[in-house]
Amino acid sequence: MRTTVWVLLGVLGVSVCTGLGNAWAPFHVIPNVAIIVILFLGMRLGPVPLCVAALSLGYFVGRHALAPGGLHEAALIFCAVGIYRMSGSFIGGGSLFFGIVTAVVAVIYDGFLFSMVYLTWDDASFSSWATALLIPGAVVTGLLAAMIYRPMQWLDGHLTPTRHEGLLWR
């Protein structure tokens, strides 16, 4: 249930950001909500629900971008596994740390996508010079991640069932 809600929120966020971003974003630099959601889940979920979320969100992002099948799915699963493996070694916390890590992962994700397209098609291009640099998109993604980190924590606290340990004598 928790994973499904996060995937649906990721789909909604991707749809809203790309819809509004294509109309108003300068140089087509829009935040990558899928990376934000996968990074947030990577620090909280086990490997199986995380990969299911990455696969589902990657499928939607790939269809939304009219990309070849499996491209965004593979890139998001690659990032999800990397985040999961490193999540135990993170020593920081808070909104600023989450925003910085999200920006770094966004650059890795976009670089992986570009490399995969270039290696398979021998031709890859970007929509503008700003998206080709990868840094403006990462900065916008990191800023959005830092802004919505606390509301995401609040929502995750309400989605996570409370566990009661101990014996009940009745």
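Throughout, read-outs are computed from the coordinates displayed, never taken from laboratory work. Here the structure is a predicted model, which means the values were calculated and not measured. Heads up, the Cβs are rebuilt from the backbone with ideal geometry, glycines too, and the neighbour counts pull from every protein chain shown.
Worth a mention:
- Reduced Cα scattering model of the stretch 67-113, Debye log10 I(q)/I(0), q = 0.17, 0.20 Å⁻¹: -0.54, -0.70
- Tail beyond 20 Å, pair distance distribution of the chain (Cα, percent): 52
- Cβ crowding within 10 Å averaged over residues, with 93-103, 50-60 ranked highest first: 50-60, 93-103
- For the stretch 70-75, 3J(HN,Hα) per residue [Karplus equation, 6.51 cos²θ - 1.76 cosθ + 1.60, θ = phi - 60°, Hz, x = Gly/Pro]: x, 5, 5, 4, 5, 5
- If you take all other residues with their beta carbon under 13 Å from the beta carbon of residue 155, and give Lys and Arg +1 and Asp and Glu -1, the sum is +2.
- Taking other Cβ atoms within 10 Å as a rough exposure proxy, 156, 110 sort from fewest to most as 156, 110.
- Exposure proxy for 2, 150, 163: other Cβ atoms within 10 Å of each Cβ, ordered fewest to most, give 163, 150, 2.
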